[in-house]
1. When the accessible area of region 22-90 is split by element with a 1.4 Å probe, what percent falls to carbon and sulfur?
2. Stretched out fully, how many nm does the piece from S73 to H350 gain, at 0.36 nm a residue minus the Cα gap?
3. Largest first, what is the accessible-area ranking of K343, K144 with a 1.4 Å probe?
4. When a/c is below 1.5 the answer is rounded, else prolate if a/b is larger than b/c, else oblate, so apply that to region 284-415 with a ≥ b ≥ c taken from the square roots of the Cα gyration tensor eigenvalues.
5. I393 accessible area, nearest 10 Å², 1.4 Å probe?
6. Roughly how many Å² is the accessible area per residue of region 22-90, as a whole number, for a 1.4 Å probe?
7. If you plug each phi of region 42-59 into the Karplus form 6.51 cos²θ - 1.76 cosθ + 1.60 with θ = phi - 60°, what whole-Hz ³J(HN,Hα) values come out, in order, with x for Gly and Pro?
8. With each pseudo-label sitting 7 Å past Cα toward Cβ, what's the L402-E296 distance in nm, one decimal?
Amino acid sequence: MRVRILVVNLLLLFNFSIFADPFEDLLKSDWDRGQTLLIKNTVFQKLGKRAESKEVLKITKNVIPWAILEGSSPEKTAELIVNLDFAVKEGLTFEEAEDAIPVSSKRELSKEDFSYIGLYFKETKKAGIREEVRNRFVEAAMEKKWDGFSVLAGGRALVAGKLVDFPENRLASKILSQFPTKGRSIPFAKTETAFKSVLDSKMDGASAILLSNLKKLHEGEKVSSSQKFASARAVETSLEEVGGIVIGDRPRIEPLPDPPLVPNLPEPGETIEPEPSKKEGWETLSSTVLQKVAKEWVGTPYKWANAAKTGTDCSGFTFRVLTDGRIGVPEKMVSRASSAQTKMGTGVNHNEMRSGDLIFFSASPNQSKVTHVGMVLNGEEFAHASSTRGVVIDKIRMKWWLDRFVLSRRVFKKVVN
């Protein structure tokens, strides 16, 4: 009996010690001791002795801000740690893999699917696919129950489309209607046929490399090997070349007939008649009107990659507020992507923010990487779309927001009551 008690005590001591630093941070955040123990024990059960490694400890520390921002349950937080550990072992950096967190925060994803989606974001970002398109594409794919391999294949078709100047927003809709949903578990020939079909067989050498490399990844599914994603690095040069393409340098092909994935989003080079602002002199903002418009959104549920009263994400909310007819910022001046919104207007210090300024935060270990945006209502409060609470109003000087603050931008030249 004494031996059993001693063993149990040693295990508990070992279990507490290996996670001491990052898990103490959990107790200082939104978790109590019982929830923290649940996360620790779940990770240990899934990873075994690897749970004590410095790599997993680092991942755990980096996951904590994301888990708080996404409102993840203890079970989901443990799942994120395990999935990110797998993705990093497969050759992605944490910063590359973390882009898959918003996709998985409300869904059950296998560690393989999580990693494929992380690779999708890495590649489409490197190739210069617009953030609002790549986000909406993967969200729509998830709604259709795609696996991670099909998401990656669809992303590479988007990249290949850019090489031959297909309008990416409309091409995304075409891919979603024609690609197989379970690419990992079916013969690769079906994915290859769909890949060529959506591009009308208009493929150049780099496109062929993307497709050939995709086939190698698919073949890697048949064997159990570490870092089967490592071969994906062979396409890095092609992706960089695509990312450097300036749309409009080559003759454009005929526009695709499919409706755009993101409504009202013009393609590069597309002739769009400028719409007159619905409000004269939009550069002057009424703080009273802004308060009214923003509060009408309070309670709207959170839905990633959307921008509607039925569901919106953070940048979708700021986009809809700014372009509301009573505020009047022309749509052509506002992106739906938070990273692009960081380039609006002019920079302003945290202690000088006023009504109408945009405020940006980061949950990433790379503190220059924006992962969240809100709309300043006054010197004390800002409105934003929270993953757990929907659109809410919070205090600007709450410690968590102060710790994650990145920058703020001034959109309006003048503010009146």
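The values are calculated or read from the model by the stated rules, or taken from the named source; none is laboratory data. Small disclaimer: the values here were computed from a predicted structure and weren't measured. Glycine gets a Cβ as well: all are built from the backbone with ideal geometry, and neighbour counts include every protein chain shown. Heavy atoms of the whole protein, side chains included, go into the accessibility calculation; ligands, DNA and RNA do not. Shrake-Rupley method; radii C 1.70, N 1.55, O 1.52, S 1.80 Å.
1. C and S fraction of accessible area: 51 percent.
2. 96.6 nm
3. Descending order: K343, K144.
4. Working: a/c = 1.29, a/b = 1.08, b/c = 1.20.
Taking the square roots of the gyration eigenvalues as a ≥ b ≥ c, region 284-415 is rounded.
5. Surface accessible to solvent at I393 totals approximately 60 Å².
6. Values: 2990 Å² over 69 residues.
It amounts to 43 Å² per residue over region 22-90.
7. Working through the residues one at a time gives 5, 4, 5, 5, 7, 9, x, 5, 4, 4, 8, 6, 5, 5, 6, 4, 5, 4 Hz.
8. 3.5
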